[in-house]
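S.K.: If you scroll down you'll find the structure; I have some questions about it.
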Amino acid sequence: MKKTLSIFLGVLLLLACKSQNAHVEPVDCDTMIAVNQVLEELKGRDVVLFVADGDEISPAEVPFPVVITGMGKMRMFSALVKWRETLPEGSQPVILNIGSAGSAKYPIGTIVPCTRFFNGGCELVHDCIEVQGDGASVFSGDYFMSTQTFSPEQVKLLSQQYDLFDMEAYAVAQFCKMYDIPFYCLKAVSDNLDGNLKDWRGILADIRVQFTELLNSGKE
């Protein structure tokens, strides 16, 4: 039954790619299939969902326990440490980090699996952690990546080097590497690094619906 469902979902994704309206940006089929693969790998496992902002998910409407951490790498890492202290002995959790991210590569609303995590700070990049699978690169900085917080030249240069920009994913990757916990990450594009963040909360409402539908579609 699982194999049949996986094939069926894959066919639907491919059909969606081929049937796009000419006025809509084309769907990245490889990205959609990679997202579906993440959902398949999460099935039947003890998944815990870590989210920075409460507007990015509706905890009561998704099939996993949810931890809302607050924004930024320090808040995320601190929440992970506190969560680990409450784990029952012998438990084998899997961590899924979801949330919003900026990108000059993907259209707003695109959900992207991530597998390479870069620690951005005052010197821009200190370290990189990679996990298995096909996915995008994420630059986790201390501020929103936009022309309001960086110069246009820096934004252009960094957007050529990294696919997505957030403020937490690297902290989750680092924690999971330290404690040998399986880690998956899905980010939804909320802006295109153009400095226009005035409707960010409104975009998060759409992202919340997308993530809720996606995570429920992947449950057994």
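The values are calculated or read from the model by the stated rules, or taken from the named source; none is laboratory data. Because the structure is a prediction, the values reported are computed rather than measured. Positions of Cβ are backbone-derived with ideal geometry, glycine not excepted, and every protein chain shown enters the neighbour counts. Accessible surface is based on the protein model in full, side chains and every heavy atom, while ligands, DNA and RNA are left aside. Shrake-Rupley method; radii C 1.70, N 1.55, O 1.52, S 1.80 Å.
S.K.: Among K73/K177; K156/K177; K43/K105; K105/K177; K105/K156, which pairs are too far apart, with a Cα-Cα distance over 19 Å?
M.R.: Violating the 19 Å limit, Cα to Cα: K156/K177; K43/K105; K105/K177.
S.K.: Could you grab the Rg to Rh ratio for segment 97-197? Cα atoms only, Kirkwood for Rh.
M.R.: 0.95
S.K.: While we're here: Expected output is a single nm value to one decimal: the length gained when fully extending between R45 and E89, i.e. 0.36 nm times separation in residues minus the C-alpha distance. What is it?
M.R.: 14.2 nm
S.K.: Can you list the HN-Hα couplings for segment 70-84, worked out from phi with the Karplus curve (6.51, -1.76, 1.60; θ = phi - 60°), rounded to whole Hz and with x for Gly and Pro?
M.R.: So the J values, rounded to whole Hz, are x, 7, x, 5, 5, 5, 5, 5, 4, 5, 5, 4, 5, 4, 4.
S.K.: Another question, then. If packing is taken as the average count of other Cβ atoms within 10 Å, what order do 144-154, 74-84, 176-186 fall into, highest mean first?
M.R.: Going from most to least packed, we get 176-186, 74-84, 144-154.
S.K.: Calculate, for S217 and I108, the FRET efficiency according to 1/(1 + (r/R0)^6) with r their C-beta to C-beta distance and R0 22 Å; round to the nearest 0.05.
M.R.: Efficiency, from the Cβ-Cβ distance: 0.60.
S.K.: Name the residues whose placed amide hydrogens come within less than 5 Å of the amide hydrogen of N192, ignoring near sequence neighbours (fewer than 5 apart) on the same chain.
M.R.: Residues meeting the criterion, in which the H sits 1.01 Å from N, are S103.
S.K.: A further question follows. FRET efficiency for E61 and D30, Cβ-Cβ distance as r, R0 = 35 Å, nearest 0.05?
M.R.: 0.80
S.K.: Continuing with the same structure: Ranked from the most accessible area to the least, with a 1.4 Å probe and all protein chains present, what is the order of E213, E40, E168?
M.R.: E213, E40, E168
S.K.: List every residue whose amide H lies under 5 Å from the amide H of G133, counting only residues 5 or more places away in sequence or on a different chain, with H placed 1.01 Å from N in the peptide plane.
M.R.: none
S.K.: Quick one: Karplus J couplings for segment 165-180, per residue in order, coefficients 6.51, -1.76, 1.60, θ = phi - 60°, nearest Hz, x for Gly and Pro?
M.R.: In residue order, the calculated couplings are 9, 9, 10, 9, 4, 4, 4, 5, 4, 5, 4, 5, 5, 4, 10, 6 Hz.
S.K.: Then there's this: Can you list residues whose amide H is under 5 Å from K187's amide H, if they're 5+ apart or on another chain and H is modeled 1.01 Å from N?
M.R.: V112, C114
S.K.: Multiply the residue gap between D180 and D142 by 0.36 nm, knock off their C-alpha separation, and tell me the result in nm, one decimal place.
M.R.: 11.2 nm
S.K.: Return the sequence-ordered ³J(HN,Hα) values of segment 51-66 in whole Hz as given by the Karplus equation 6.51 cos²θ - 1.76 cosθ + 1.60 applied to θ = phi - 60°, using x for Gly and Pro.
M.R.: 9, 6, 10, x, 7, 8, 7, 10, x, 6, 10, 10, x, 10, x, 10
S.K.: How much length, in nm to one decimal, is gained on full extension between Q37 and V131, taken as 0.36 nm per residue of separation minus their Cα-Cα distance?
M.R.: This chain segment gains 32.4 nm when fully extended.
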